[in-house]
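Beneath this line is the structure, given in structure tokens, with notes to follow.
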Amino acid sequence: MTLLEPVSCGLCGADDPEPLRWLDDLRYGTLPSPVQLVTCRRCGFRYLTPQPRPGTETRFYPSGYDPHRRRGTTAWARRFALRLEIRRLWPYLAPPRRILEIGCATGELLQLIRETGNSRVLGLEPDAEAVQLARARGLDVIEGTLDDILIPGPAFDTVLLQHVLEHLTEPQRALRRIAALLRPGGTVIAWLPNGDSWAAAVLGQAWMGYDPPRHRSVFTPETLHRAFAAAGFTIVDEYHEWHGLEWAWGLRLLARARGWARAERLLARLHFVLILATTPIGIMAGLARRSGRIRIIARKQLA
């Protein structure tokens, strides 16, 4: 069975791609051959082609895939960062707002929101193992995709997309479905990689934001604003994160791509040192609005 198939643009539907670069799965090695990153000549959106066929997705998400596993020794740092983020975003998360997280993985973010004071939370996650871990936290989680949510009409005040949009073949269709689930004036909070970042330009195929074939869509701030506007949203805030994580990972993947096994092992041992050492670059990228990861807040337009 062929695992991959060519696709059209996930924003405008055009089938007029302009090749940009070849990408391989440097993290997990799941691809039988490299795939192309292309730009749609009609709308400028960047996406991968070919992409995994429907029903083959689990082949490309190995058991060690980070968002689906139990957190290890760095769990405390991640939970600390999430608590800070929840505090910053609390006006959009506080009760009585009803919250849906799409792609909730093991439910870590929803659990912290519930602990902070809002129990009106629901998760959606396609990975069965991650769903089990989320339910073990006592969370209400639907196993499936957006098409599996059978709740009629607008039902939520806030929808969370924590690094989800880049995994979708048809993100424009997903945003329209999300708009239908939100009450008028409701909010979407989305975190995702920035294809116009300094890290993407410098690291090339070793940039962790590409991560083929799991990341199928590559947004820039321009295409992100256009996609949300087409779905009936107005972006009210765009925040560029700053840290050295993507640079530390990028150097490791760059060594792996070039076959420098000894250098890769050394960089792996120095991973946290590299994060600290490259944080000043991350800060400058954030200030210049060229960070590798961005968070946007979008409000559903009133009728």
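Here are the numbers for the structure shown:
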read-out: Built amide H within the under 5 Å cut-off of residue 5, gap 5+; value: 51, 53
read-out: Anisotropy class of the chain from Cα gyration tensor, a/c 1.5 cut; value: rounded
read-out: Charge-dipole axis of the chain as Lys and Arg at +1 and Asp and Glu at -1 on Cβ define it, positive-most pick from 194, 23, 287; value: 287
read-out: Neighbourhood charge, 11 Å Cβ-Cβ cut-off, centred on residue 184 and excluding it, Lys, Arg +1 and Asp, Glu -1; value: +2
read-out: Under-5 Å amide H pairs with residue 20, H placed in peptide plane, nonlocal only; value: 37, 38, 39
read-out: Net +/- balance of residues flanking residue 147 in space, Cβ distance below 15 Å, scoring K and R +1, D and E -1; value: -2
read-out: Label point distance in nm, residue 272-residue 2, each placed 7 Å from Cα along Cα→Cβ; value: 4.7
read-out: Two-site label geometry, residue 289 and residue 87: point separation in nm, points 7 Å out along Cα→Cβ; value: 2.7
read-out: The chain: calculated mean residue ellipticity at 222 nm from DSSP helix runs of at least 4, using -39500 (n - 2.57); value: -10500 deg cm²/dmol
read-out: Free-standing Cys, the chain [no other Cys Cβ under 4.7 Å]; value: 104
read-out: Gap separating the Cα centres of region 1-36 and region 189-232, nearest whole Å; value: 15
read-out: Loop-located trypsin sites (Lys or Arg not before Pro) in region 1-68 whose Cβ has at most 10 other Cβ within 10 Å (DSSP); value: none
read-out: Virtual spin-label span in nm between residue 41 and residue 16, 7 Å along Cα→Cβ; value: 0.6
read-out: Gyration tensor (alpha-carbon) shape descriptor, region 122-172, a/c threshold 1.5; value: oblate
read-out: DSSP-assigned coil residues among chymotrypsin sites (Phe, Trp or Tyr not before Pro) in region 226-303, each with at most 16 further Cβ atoms within 10 Å; value: 260
read-out: Size of electric dipole in region 1-67: Cβ of Lys, Arg +1 and of Asp, Glu -1, about Cα centre, debye, nearest 20; value: 80
read-out: Unit charges on C-beta of K, R, D, E only; dipole of the chain, Debye; value: 720
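Values quoted throughout were computed directly from the atomic coordinates according to the rules given, and no laboratory measurement underlies them. Keep in mind that what you see is a predicted model, and the values were worked out from it rather than measured. Ideal geometry is used to build each Cβ from the backbone, glycine not excepted, and the neighbour counts take in all protein chains shown.
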